[in-house]
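Asks: Mind having a look at this structure? Questions to follow.
The values are calculated or read from the model by the stated rules, or taken from the named source; none is laboratory data. All values derive from a computational prediction rather than experimental measurement. Note that each Cβ is placed from the backbone with ideal geometry, even for glycine, and that neighbours are counted across all protein chains shown. All accessible areas refer to the heavy atoms of the entire protein, side chains included, with ligands and DNA or RNA removed. Shrake-Rupley method; radii C 1.70, N 1.55, O 1.52, S 1.80 Å.
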Amino acid sequence: MRRWLPLLVLPSMLLAGSLQASSVVVPGAQGQNVTLHLTSLKEARFKNTIRQKYDFSCGSAAVATLLTYQYGYPVDEQAAFEQMYAHGDRAKITKEGFSLLDIKAYLQANGFEADGFDVPLEKLQQENLPAIVLIDEGGYHHFVVIKGLRNDRVLVGDPALGTRSLPRSRFNAMWKNHLIFVIHNRRSMAVFNSASDWRAAPMAPLSSGIDRRGLDGITMPKRGPGDI
C-alpha cells in the first residue's frame, strides 16, 4: 500500500487544476525513488493554445495560436495585439474586439494570405487545414482555432479556456455564421489533427467503460455474529 498510495493521490491532484508544473518524488522498489514531472490539466490545455490577456483580445490570441502551433511561425499574443491594434479602428476594437478584417490585414502584412469561406467542417479535414472561426457561447462572440476533427468531435484552441474537444452538435450550435477563415498560401506548413494537440483534450475510452446501471439496487447481505 505504501508504494501505491502516491500513485492513487496524483490523479486527484491533477484534476484539481490548481497544481502548477512541478516534480513529485514517488517511493519505488528497493529504496529507489522515482521523480515524476507533473503538469496540471489547466496548464496542459494552454500548452498548444495561447491564452488571451484581455477580454477583447481573443482575436490576437487566436491568430497567434494559429501561426505558432499550426504553422510553426512563432508569434506571441502581445506582438500580434500591438500590430493589429495599431493598424485597426482602436475605439471599435476596445469596445467589440478584433474583427476578421483585422486578422486578415495582420496575416497579409506577415506574408500569409487568408480568406473566409462558407464551407462545411469536413472541408478542413479534406484539405488538412486548421482555421479560425467565430463562435457564440452564451451570447459571447469569441474567436477560436479549429485544430482537428475526430470521432464526431471538434478540437478547438480556445484563447479563454485552452485546447478543448467539443461534440460536433454542440459546436454547430455555437458556430452561427458557418464561416471558416483559413490561410491558403502555406499549405505545406499546416498542422491539423496532430497527436500533441489531441493529448491536451483526451476523450474518454467509452468502449472500455463499465456499465454501472443497476448498481444502486445491489445490497450487501446481512452478516451474522460469526461472519468476518
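Asks: Conditions: (1) more than 18 Å from Phe143 (Cα to Cα); (2) touching a residue at least 24 places away in the same chain (Cβ under 8 Å). Val182 meets all but one. Number of the miss?
Replies: Result: Val182 fails condition (1) only.
Asks: While we're on this one: Would you check which residues across segment 68-90 are in a helix (DSSP H, G or I), open to solvent by 10 Å² or more (accessible area, probe 1.4 Å) and either on the phi > 0 side of the Ramachandran plot or in contact with a Gly (Cβ under 9 Å, 6 or more places away or on another chain) (or both) and list them?
Replies: Of all residues in segment 68-90, those in a helix (DSSP H, G or I) come to 68-70, 77-86, 90.
When the remaining residues are screened for being open to solvent by 10 Å² or more (accessible area, probe 1.4 Å), the result is 68-69, 78-79, 81-83, 85-86, 90.
Hits for segment 68-90 are Tyr69, Phe81.
Asks: Test Thr65 against the criterion of being β-branched (Val, Ile, Thr), at negative phi and outside any helix (DSSP H, G or I), and give yes or no. Spell out the reasoning first.
Replies: Working: β-branched (Val, Ile, Thr): yes; at negative phi: yes; outside any helix (DSSP H, G or I): no.
Taking the combined requirement at face value, the residue does not satisfy it.
Asks: Turning to a different aspect of this structure: Would you be able to say whether some residue in segment 109-121 is open to solvent by 10 Å² or more (accessible area, probe 1.4 Å) and among the β-branched types (Val, Ile, Thr)?
Replies: If we filter segment 109-121 for residues that are open to solvent by 10 Å² or more (accessible area, probe 1.4 Å), which is where we start, we get 109-111, 113, 115-120.
From what's left, among the β-branched types (Val, Ile, Thr): 119.
Yes, because at least one residue in segment 109-121 is open to solvent by 10 Å² or more (accessible area, probe 1.4 Å) and among the β-branched types (Val, Ile, Thr).
Asks: Condition first: open to solvent by less than 60 Å² (accessible area, probe 1.4 Å), within 15 Å of Val182 (Cα to Cα) and in a helix (DSSP H, G or I). Now tell me which residues in segment 91-103 satisfy that. Show your work before the answer.
Replies: We begin by selecting, within segment 91-103, every residue open to solvent by less than 60 Å² (accessible area, probe 1.4 Å); these are 93, 97-100, 102-103.
Now drop any that are not within 15 Å of Val182 (Cα to Cα), which leaves 99-100, 102-103.
Once the filter is applied, which keeps residues that are open to solvent by less than 60 Å² (accessible area, probe 1.4 Å), within 15 Å of Val182 (Cα to Cα) and in a helix (DSSP H, G or I), segment 91-103 yields Leu100, Asp102, Ile103.
Asks: Also: Hey, does segment 110-117 have a residue that's farther than 18 Å from Asn185 by Cβ and either touching a residue at least 40 places away in the same chain (Cβ under 8 Å) or in a strand (DSSP E or B) (or both)? Spell out how you get there, then give the answer.
Replies: Here is the first cut: in segment 110-117, the residues farther than 18 Å from Asn185 by Cβ are none.
Checked segment 110-117: no residue is farther than 18 Å from Asn185 by Cβ and either touching a residue at least 40 places away in the same chain (Cβ under 8 Å) or in a strand (DSSP E or B) (or both).
Asks: Can you find, within segment 121-169, the residue that is nearest to Ile103 (Cα to Cα) among those that are in a loop (DSSP other than H, G, I, E, B) and free of Cβ contacts under 8 Å to residues at least 12 places away in the same chain? Lay out the reasoning, then the answer.
Replies: Taking segment 121-169 and keeping what is in a loop (DSSP other than H, G, I, E, B), we get 121, 128-130, 138-139, 151-152, 159-161.
When the remaining residues are screened for being free of Cβ contacts under 8 Å to residues at least 12 places away in the same chain, the result is 138-139.
Numbers: Gly138: 23, Gly139: 22 Å.
The qualifying residue nearest to Ile103 (Cα to Cα) is Gly139.
Asks: Identify the single condition in (1) open to solvent by 20 Å² or more (accessible area, probe 1.4 Å); (2) modelled with pLDDT of 95 or more that Trp175 does not satisfy, given that it satisfies every other one.
Replies: (1)
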